[in-house]
């Protein structure tokens, strides 16, 4: 990309601004990162997300021994209650004796309703609550839906994998361990009953069935043996007790073999009618012995009706019963509420009376992602090792690895804003992919930077050139990847919206933000780190040891007293930043005025080079941005839109705008994002319309069609004022919140009003304080408000007070001469370090005043035109007070200094009189005494003789001449006599331009040949004055003797005369400099 491309120019400007303020950029980025991280810690970062599917399964578990009819009755009750569900579509039931499932399918148009999926689920849970004798749990069909089996409870083999992917309902469990299943079942039932009473619990279940009815046979083995029977004979007989039993024989057909099962015939088949077996049938079951003897079962065993466990779970040879429960949606979405709910569960378990031999364990969540953490750690180490080997440096890889937190920052922000799970296999997989892409961008940037530095480019130049050269491949990589993943992120199918979306959003968010920050943050951090290491290397060994010891001590304290890893990381980074930054701040704060910065015997020399000062100018970024636009215009790259062919960018802007419209108004559902992107769409529309408006204006000018101008104005009104109204109507229809919509509308239209009014004030250059006409006061108030609003209000007009002024000032009296507003005070304040220059440099004996400003204050004493004193004090008291403020704390030294300055200004005799009794000239002398207290070698005095009578002016002027014998004295005035009688050199300023610089004696020569004397008749005098600069005139009868200044001979009777200093001054103010002529030419071109 060319440097003249607007995107490249914007990047170049942002990079330069960041490199000018490396500390702000680095610390600001870290603050944003840790803020996002801390916000994420308040959320349930590993919570699962339910798939947005229209199918739910209600699993019904009946008490053991329940008949089919009883289960059917419970299911019918459930179906009856669900019939009132507004979004209900189909209800399909599957019923067995002790369990059933009811599948609810929502209607196709359920999304058009006002209720969300969690609200519908909560409604279903409420409707099926408190159905006697049944345990009912709700699951998504597509998220694994519990599969009921004979074991009781729910069995979902894929649940662990689904939770790993962040899909399904997040459950927690309480495990009861022991060797006594009946007692364990009692404890499990107690826990479940307590959990069901909690409002934070959505559902709970136990993974064993209630006691199943069973028949126990208690054999009399002696009796059985005496009758020639065995347990094998009894087992064979019991095998024939059911409706079917195996014959023990097999049938083979080819390579396949089949067991032969004997069944009783059913009602439609031949043979005996099948009836249900009863306990009496069991008692009369005949058992045949090997010797042919036959006996009934009740003769051989005592038959007892009892109950037993429905199923037994064992892990590592230890029996277990698990109580599984899930929290409500509100609890799961807040980490604070989740921790409170878990604590409540733990308190319930701890308050139970647990029988001996039984242990209870509460399992809140299992860390399925532990292996991912290990993989990420290994990835960090491998990347660092490879980079260290390639760059042969330990510092550069450290800089590059900082791009990884930038990727995490973008991913965190994107996942938080889109309400996705922050920590699951999908997001971590996306993050692992980001590591390579993001670090690769940093490698491309810094590698080329090192190449350029080897070629001889200085560091900052090499960084900016590398950034401009590498922005194209970096941006193309990021944009193509983001666009490829966008459909996946927007997918709304069942699993795509949860599994795919979180992965895509992780990559999109991380890559988008990290690419932008990598192009800016990494070069800035690289430059800042090198500068910091260079600064650290210049410190003395003692300071280095103290700093390293403090950092090591703080890190030790962090690991001793802080347990949280995140807070440990934050505190360590703060320690590494704050200690060096604090050292730098202290060292710079200790900088103070030092007169010794220039040796005592060295002659002072002030050099001013190309000094420019502009008040109310735009910030540097805007100035450089507009300068880039001017360069493009001069090169012919910025085309004026006069035909549709000139709108080159419209080919990609219109499709992008169409997609933005679809995304905003048809895809997004959350109110905040709808508002944000609708505002973005409106700005995009406004930018597009600006191009079409230029086209319509050009067509109207070329073809002379007035209707095009009218159409342009009408469409401008539609885009600017009607489109926001349409958006507000859309907000109201979507949100149904009139108060919020009215507030947004008020802010939106207020901003539009300020923007349009600001343009009017700037374009028409309206003076707010000189308004005329109706409603003057109301308009004045509104205009004042608009003028105070930044960015969109009235634009300030820059004022150039100094225009490329260059001077050389040496010891002695130096005078600044010029009218009011010439720039004299501005120049003096820049020399003193009170104001900063816009451009140019000021050196004092080769020392840059912008670099050593504080130190050079010890050389300078400045007396402004207007200064205050404490008039109720005496001169002696006041000067003692000022001396203490200047850090002259020793009483003896202070006494000597005050006496010295009072004698220097000839005020020793009146030092004990109150300042209020002094004349204007005396007060000026006290001002001089005040600035002499620290023995400055440069005195800067701004118009000291203004307002003084001639006698006081002469006294004060003589005082300055006396002080200038061993100092540089710079004083400004607009009185010619002050200059001619006291100054060794003078500079004339007018409207910021330097008109003259040299000796006063040579200044008169500037007006040679331009001063004229004329004698005119009195009646011709008024007309002559209108066209010429008259210095003075004197009446002589009916004639008038005139002295005037003119570049050419003003009259036939005019004769040249010898100019004086005043003539020269007026001539310099009158004539145009080359710079002024050039400026007038430019204004004429505009």
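The values are calculated or read from the model by the stated rules, or taken from the named source; none is laboratory data. All values derive from a computational prediction rather than experimental measurement. Neighbour counts run over all protein chains shown; Cβ positions are idealised from the backbone, glycine included.
Here's the yes/no breakdown for (1) crowded, with 21+ Cβ neighbours inside 10 Å; (2) modelled with pLDDT of 90 or more; (3) within 30 Å of residue 601 (Cα to Cα):
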| site | (1), (2), (3) |
| --- | --- |
| 902 | yes, yes, yes |
| 906 | no, no, yes |
| 910 | no, yes, no |
| 916 | no, yes, no |
| 920 | no, no, no |
| 924 | yes, no, yes |
| 930 | yes, yes, yes |
| 935 | no, no, yes |
| 938 | yes, yes, yes |
### Only listed residue being in contact (Cβ under 8 Å) with a residue 60 or more places away in the chain and on the phi < 0 side of the Ramachandran plot, chosen from 835, 879, 948
835
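Sort out for me the helices (runs of 4 or more DSSP H) sitting completely within the stretch 322-399 that have 3 or more residues that are closer than 28 Å to residue 207 by Cβ and modelled with pLDDT of 85 or more. So that I can check it myself, show each step before the final result.
Working: elements: 329-332, 335-350, 370-391.
Where helices (runs of 4 or more DSSP H) fall fully within the stretch 322-399 and carry at least 3 residues being closer than 28 Å to residue 207 by Cβ and modelled with pLDDT of 85 or more, they are 335-350.
Against the condition surrounded by 15 or more Cβ atoms within 10 Å (Cβ to Cβ), modelled with pLDDT under 75 and touching a helix residue (DSSP H, G or I) at 6+ places or on another chain (Cβ under 6 Å), how does residue 48 come out, does it pass?
Numbers: surrounded by 15 or more Cβ atoms within 10 Å (Cβ to Cβ): yes; modelled with pLDDT under 75: yes; touching a helix residue (DSSP H, G or I) at 6+ places or on another chain (Cβ under 6 Å): yes.
The answer is yes for residue 48.
Against the condition at pLDDT 75 or above, more than 23 Å from residue 405 (Cα to Cα) and surrounded by fewer than 13 Cβ atoms within 10 Å (Cβ to Cβ), how does residue 107 come out, does it pass?
Values: at pLDDT 75 or above: yes; more than 23 Å from residue 405 (Cα to Cα): yes; surrounded by fewer than 13 Cβ atoms within 10 Å (Cβ to Cβ): no.
Against the criterion (at pLDDT 75 or above, more than 23 Å from residue 405 (Cα to Cα) and surrounded by fewer than 13 Cβ atoms within 10 Å (Cβ to Cβ)), residue 107 does not qualify.
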#### Entry: One residue from 951, 894 being at pLDDT 85 or above and either more than 30 Å from residue 611 (Cβ to Cβ) or not assigned by TED's automatic domain parsing to the domain that holds residue 828 (or both)
894
### Message
Looking at 976, 1014, can you tell me which residue is surrounded by 14 or more Cβ atoms within 10 Å (Cβ to Cβ), farther than 26 Å from residue 944 by Cα and either at pLDDT 90 or above or in the same structural domain as residue 864 (by TED's automatic domain parsing) (or both)?
### Response
1014
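Residue by residue, here is whether (1) more than 30 Å from residue 670 (Cβ to Cβ); (2) touching a strand residue (DSSP E or B) at 6+ places or on another chain (Cβ under 9 Å); (3) crowded, with 16+ Cβ neighbours inside 10 Å holds:
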residue	(1), (2), (3)
682	no, no, yes
688	no, no, yes
696	yes, no, yes
709	yes, no, no
740	no, no, no
### Query
So which residues in the stretch 979-997 are surrounded by fewer than 20 Cβ atoms within 10 Å (Cβ to Cβ) and either at pLDDT below 85 or on the phi > 0 side of the Ramachandran plot (or both)?
980, 981, 991
## Note on the structure
Checked the stretch 92-125 for anything more than 25 Å from residue 62 (Cα to Cα) and in a strand (DSSP E or B); matches are 106
### Task
Provide a single number: the residues in the stretch 56-78 that are surrounded by fewer than 16 Cβ atoms within 10 Å (Cβ to Cβ) and under 55 Å from the mean Cα position of the chain (by Cα).
1
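Looking only at residues in the stretch 252-289 that are assigned to a loop (DSSP other than H, G, I, E, B) and modelled with pLDDT of 75 or more, which one is farthest from residue 220 (Cα to Cα)?
Narrowing the stretch 252-289 to residues assigned to a loop (DSSP other than H, G, I, E, B): 254-255, 264-278, 284-285, 289.
Imposing the further condition that a residue be modelled with pLDDT of 75 or more reduces the set to 278, 284-285, 289.
Values: 278: 23, 284: 17, 285: 17, 289: 15 Å.
Result: 278.
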### Summary
Being surrounded by 15 or more Cβ atoms within 10 Å (Cβ to Cβ) and modelled with pLDDT under 85 narrows 573, 614, 562 down to just 562
### Subset of the stretch 647-691 [free of Cβ contacts under 8 Å to residues at least 24 places away in the same chain, farther than 18 Å from residue 486 by Cα, more than 25 Å from the chain's Cα centre (by Cα) and not in a loop (DSSP other than H, G, I, E, B)]
651, 690
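Taking the condition within 27 Å of residue 950 (Cα to Cα), assigned by TED's automatic domain parsing to the domain that holds residue 928 and over 60 Å from the mean Cα position of the chain (by Cα), does residue 985 pass?
Details: within 27 Å of residue 950 (Cα to Cα): yes; assigned by TED's automatic domain parsing to the domain that holds residue 928: yes; over 60 Å from the mean Cα position of the chain (by Cα): no.
When the stated conditions are applied, residue 985 does not pass them.
Of all helices (runs of 4 or more DSSP H) completely enclosed by the stretch 779-898, which ones contain at least 3 residues that are surrounded by 13 or more Cβ atoms within 10 Å (Cβ to Cβ) and out of contact with any strand residue (DSSP E or B) (no Cβ under 7 Å at 6 or more places or on another chain)? Steps first, please.
Numbers: elements: 824-832, 853-856, 875-885.
Output list reads 853-856, 875-885.
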### Task
Identify all residues within the stretch 783-803 that are modelled with pLDDT of 90 or more and in contact with a helix residue (DSSP H, G or I) (Cβ under 7 Å, 6 or more places away or on another chain); write none if there are none.
801, 802, 803
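Yes/no per residue for (1) within 22 Å of residue 5 (Cα to Cα); (2) at pLDDT below 85; (3) in contact with a helix residue (DSSP H, G or I) (Cβ under 6 Å, 6 or more places away or on another chain):
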| position | (1), (2), (3) |
| --- | --- |
| 628 | yes, no, yes |
| 637 | yes, yes, no |
| 646 | yes, yes, no |
| 691 | yes, no, no |
### Query
Only one residue in 30, 37, 15 is modelled with pLDDT under 80 and assigned by TED's automatic domain parsing to the domain that holds residue 400, so which one is that?
37
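If you scan the stretch 1021-1037, which residues turn out to be out of contact with any strand residue (DSSP E or B) (no Cβ under 7 Å at 6 or more places or on another chain) and not in a strand (DSSP E or B)? Steps first, answer last, please.
Our first condition is that a residue be out of contact with any strand residue (DSSP E or B) (no Cβ under 7 Å at 6 or more places or on another chain); within the stretch 1021-1037, this holds for 1022-1023, 1025-1027, 1035-1037.
1022, 1023, 1025, 1026, 1027, 1037, listed by residue number.
Among the residues of the stretch 602-621, is any without any contact (Cβ under 8 Å) to a residue 60 or more places away in the chain and either assigned to a helix (DSSP H, G or I) or closer than 30 Å to residue 845 by Cβ (or both)?
Filtering the stretch 602-621 for residues without any contact (Cβ under 8 Å) to a residue 60 or more places away in the chain gives 619.
Cutting the leftovers down to either assigned to a helix (DSSP H, G or I) or closer than 30 Å to residue 845 by Cβ (or both) gives us none.
No, the conditions are met nowhere in the stretch 602-621.
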